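Throughout, read-outs are computed from the coordinates displayed, never taken from laboratory work. All values derive from a computational prediction rather than experimental measurement. Here the Cβ positions follow ideal geometry from the backbone for every residue, glycine too, while neighbour counts run over all protein chains shown.
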Amino acid sequence: MRNQRKKKTNVSVEQSEGQYGTYNVEMGKPFEAVRSTYNDQSKANVTISNFRIESDLNAEAEQNEKYDYAVFDAVVESTGDEINDDFMQEVSFTFYDENGKEIESYALRETQKVTFEPADLRPNGKNEGTFALAIPKGSVPKEILFDTNWTSATGNTYKYVMLITGAHQQNAENIR
């Protein structure tokens with residue numbers, strides 16, 4: 001069952017053993033996400049929305065000639081009984097094109113667009129803001145994969161796949 005894509009959308013993931021895997025979720029709608037470490041599991045309601053491609057966000061002009069920027073908003077609301085530690089960071093996200101090929105990306109932090117600050121969350125705590133990741137010019141992401149276990153070696157990986165469709169996709173293609 002590990003890393004097997006399930007056919008459910010915006011699923012609630014149970015903490016029981018064997019529920020880890022890859023889940024399809026819908027952009028713009030909250031979903032319950034799980035992060036598993038050696039000692040515990042933490043849960044949060046996550047919403048990824050307002051995906052768009054922007055240009056000229058880097059202070060270095062030569063970087064703007066090579067890269068566009070995948071920009072999106074994120075909200076994380078802790079739903080567990082324990083403190084969630086750094087539930088989401090730039091390295092949590094991977095982009096794929098229409099052929100399922102990974103798109104190279106790197107975090108862009110030195111811009112006013114980036115407002116999401118990774119932080120520990122107490123129970124019922126909330127963190128929200130905007131991410132910007134550099135992608136090669138001309139790239140058109142069709143999927144975002146959010147991996148909650150970016151630091152864990154437990155093998156119990158929870159991944160959430162969002163298709164970039166409708167207005168989000170049109171916005172991404174308009175930059176071309």
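How long are the semi-axes of the equivalent ellipsoid of the range 24-174, taking √(5λ) for every eigenvalue λ of the Cα gyration tensor, in whole Å from largest down?
27, 16, 14
Tally Lys and Arg at +1 and Asp and Glu at -1 over the other residues with C-beta under 12 Å from the C-beta of residue 63: what net charge comes out?
Numbers: positive: 66, 137; negative: 56, 60, 62, 65, 68, 110.
Once all neighbours under 12 Å are counted, the net charge is -4.
Roughly how many debye, to the nearest 20, is the charge dipole of the range 33-156 about its Cα centre, given +1 on each Lys and Arg Cβ, -1 on each Asp and Glu Cβ, and no other charges?
Values: 11 positive and 24 negative charges, 49 e Å.
Value, rounded to 20: 240 debye.
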